[in-house]
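Here's the structure, in C-alpha cells; my notes come after.
The values are calculated or read from the model by the stated rules, or taken from the named source; none is laboratory data. Small disclaimer: the values here were computed from a predicted structure and weren't measured. Cβ placement follows ideal geometry from the backbone for every residue including glycine, while neighbour counts extend to all protein chains displayed. For accessibility, only protein heavy atoms count, side chains too; no ligands or nucleic acids. Shrake-Rupley method; radii C 1.70, N 1.55, O 1.52, S 1.80 Å.
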Amino acid sequence: MPSSEYLYFAEKFRTSPFDNPRRIGYARLRQLQEERITSEDAGCPGVLQHKTRIGNLQAEWLVPEGCPGNKAMVYIHGGGWSLGSIRQTRIFLAPMAKKIGFAAVHFNYRLMPEDPFPAGMDDCYSFYLGLLEKGWRAQNLALAGESAGANLALALLLRLKEEGLPMPAAAVLMSPITFMDTMEGSHTEMADFDYILAEDSFIISDVAELYAPGRDKTHPWLSPLYGDLLGLPPMQLYVGTDELLFDDAIRFYRKSRRAGNQVELIVGDHMPHSWPIFIGDFPEAEAAVLRMGDFLRLYLPEEEQRLMSACDTKGKDRGACDGNK
C-alpha cells in the first residue's frame, strides 16, 4: 500500500488548479510556472548553486558539500519538450543531488512549439560535448532525466553511439517516453489512473506531432525503442504502475536486456509519472533517490577522487563547475 504521505500528495495534486497549455498557450504557461516559484524554492541547504554557460546554453551546477569533485550527473529536465527550466528543475534536483552525493549540472534547452525537433536534442548534444571539451571524462559522467528529458537522454545516447563518441558511464531514466508512433496499451488504458499526465490531456501522438511535425515518429531519436540498443551504458529505469508511460519503460527494458545491456527496472507500485522527482513529498520518492545513489556509485569510478566542500567560485578549484582537468 502507498504511504499516507503519498495518498495526501495525490489528493492534493488532483485537486490543485490546472492550466491547460492548449488553452492559454505554452509561453504563458511557462511564465506562470516561473512566477509561482517562491524564495523557499530557490535553494537547498548544503548545496551550492553556480550558474555558468556551456557553449550558448545557460546552465547551473548544484554541488553538495563534500561531494566528489570528479563525478557528476548531467540532468535533462522533462516537461513534454515544451515546459521546464533551470529554476523549476532546481526545486527537486538540488535535494536529489544532496541525497545522492554527486554534483549535478542542468541546463535550459530550446523548447517546442517555437523550436521543434531536433533543436532541443541538438542542445543536449552540444551541452554534453561542451562538458567533454572542458575536461570532463565521459567515464565520470552519468546522464539522467525524467519523462521527455529521459527521452532526450536516450536519444543522446543513441546519437553518441552512432557517431562513435564517448558515452557516459551510466544513465538514470525516470518514466521515459520511448515510442510515439502508436496509441496503445498503457497510453490509453491508464488514463483514469495517471492524474499527472492525464490532467494535462497528454496524448502522446498529439504532443509528438507538435514536437516533430511531419517527421517519422519511429526514428530512434524520437522513439528510442526502435534504435539499435546494443552497447548502451548501464541504465536504471523507474516507472510507476499508474502512469500512461508504463509500457514505454517495460518495452524498452525488455529490448535493452535482449541487446545484452545492464539495465535495472524499478516499478513503483501505485506510483505516478516520474515519481522519484517528488523527493520531500513522500517516502517512496526518497527511497527511490537513495537507490539511484547506490546505482551511480556502482558505475562511476572512485579512483583519484578529489573531495570538495563546494564549487570554488574564486577559481582555485573549479573541478565540479568547469571540468576536472
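Here are a few things to note about the model shown:
- Too-long pairs where the Cα-Cα distance tops 26 Å, listed order kept, from LYS12/LYS71; LYS12/LYS255; LYS71/LYS255; LYS98/LYS134; LYS161/LYS217; LYS98/LYS255: LYS12/LYS71; LYS12/LYS255; LYS71/LYS255; LYS98/LYS255
- Database remark: amide H of VAL263 closer than 5 angstrom to the amide H of MET235 (H placed geometrically; neighbours at sequence offset of 5 or more, or on other chains; Pro and chain starts carry no H).
- The 3J(HN,Hα) values that the Karplus relation (6.51, -1.76, 1.60; θ = phi - 60°) gives for segment 15-29 are, in residue order, 9, 6, x, 10, 9, 7, x, 5, 8, 9, x, 5, 5, 5, 5 Hz. Gly and Pro appear as x.
- A Gaussian network model of the chain, with springs between Cα atoms under 10 Å, assigns the largest mean-square fluctuation among ARG87, ARG258, ARG291 to ARG258.
- In terms of its C-alpha gyration tensor, segment 85-151 has an oblate overall shape, because the principal axis ratio a/c (a ≥ b ≥ c, square roots of the eigenvalues) is not below 1.5 and a/b does not outweigh b/c.
- Volume in Å³ per residue [convex hull over Cα atoms, computed for segment 35-93]: 106
- With DNA, RNA and ligands ignored, accessible area of ARG30 (1.4 Å probe; Å², nearest 10): 50
- ³J(HN,Hα), Karplus 6.51/-1.76/1.60, whole Hz, each residue of segment 151-160, x for Gly, Pro: 4, 5, 4, 5, 4, 5, 4, 5, 5, 4
- Carbon and sulfur %, accessible surface of segment 196-281 computed with the full protein complex present, 1.4 Å: 51
- For ASN261 and GLU189, the FRET efficiency from 1/(1 + (r/R0)^6), where r spans their Cβ atoms and R0 equals 25 Å, is about 0.35.
- For PHE282, the solvent-accessible surface with a 1.4 Å probe is about 10 Å², rounded to the nearest 10.
- Expected 222 nm ellipticity per residue - DSSP helices of 4 or more, -39500 (n - 2.57), all of the chain, to 500: -10500 deg cm²/dmol
- Near TYR238, the amide H atoms lying under 5 Å from its own belong to LEU173, MET174, SER175, ILE266; only residues 5 or more places off or on other chains count, and H is placed 1.01 Å from N.
- Amide H contacts under 5 Å for ALA170, placed H, 5+ residues apart: LEU143
- Solvent-accessible area of LEU229 with every protein chain in place, 1.4 Å probe, in Å² to the nearest 10: 10
- Taking TYR109, TYR128, TYR26 in turn, the Gaussian network model of the chain (Cα-Cα springs below 10 Å) assigns the largest fluctuation to TYR26.
- Using distinct alpha-carbon pairs, which all enter the 1/r mean, Kirkwood radius of the chain in Å: 19.8
- Accessible surface area normalised per residue over the chain is 41 Å², counting heavy atoms of protein chains with a 1.4 Å rolling probe.
- Summarising the label geometry, the points placed 7 Å from Cα in the beta-carbon direction at ARG251 and PHE18 lie 2.4 nm from one another.
- Dipole in debye (nearest 20) - segment 175-270, about Cα centre, beta carbon charges: Lys, Arg +1; Asp, Glu -1: 680
- Additional length obtainable on full extension of the chain from ALA27 to LEU132, 0.36 nm per residue less Cα span: 34.6 nm
- By DSSP, the beta bridges lying fully in the chain are antiparallel in about 35 percent of cases.
- The phi-based Karplus calculation (6.51 cos²θ - 1.76 cosθ + 1.60; θ = phi - 60°) puts the 3J(HN,Hα) values of segment 189-194 at 5, 9, 4, 7, 10, 7 Hz, whole numbers, x for Gly and Pro.
- Within the listed set PRO224, PRO21, PRO176, the Gaussian network model of the chain (springs between alpha-carbon atoms below 10 Å) gives the highest mean-square fluctuation for PRO21.
- Counting charges near GLY260 (Lys, Arg +1; Asp, Glu -1) among other residues having Cβ under 15 Å from its Cβ returns a value of +3.
- Hull-based mean projected area of segment 83-222, where the convex hull spans the alpha carbons, in square nanometres: 9.3
- Linear extension gain, ARG215 paired with GLU5, 0.36 nm per residue minus alpha-carbon span: 71.4 nm
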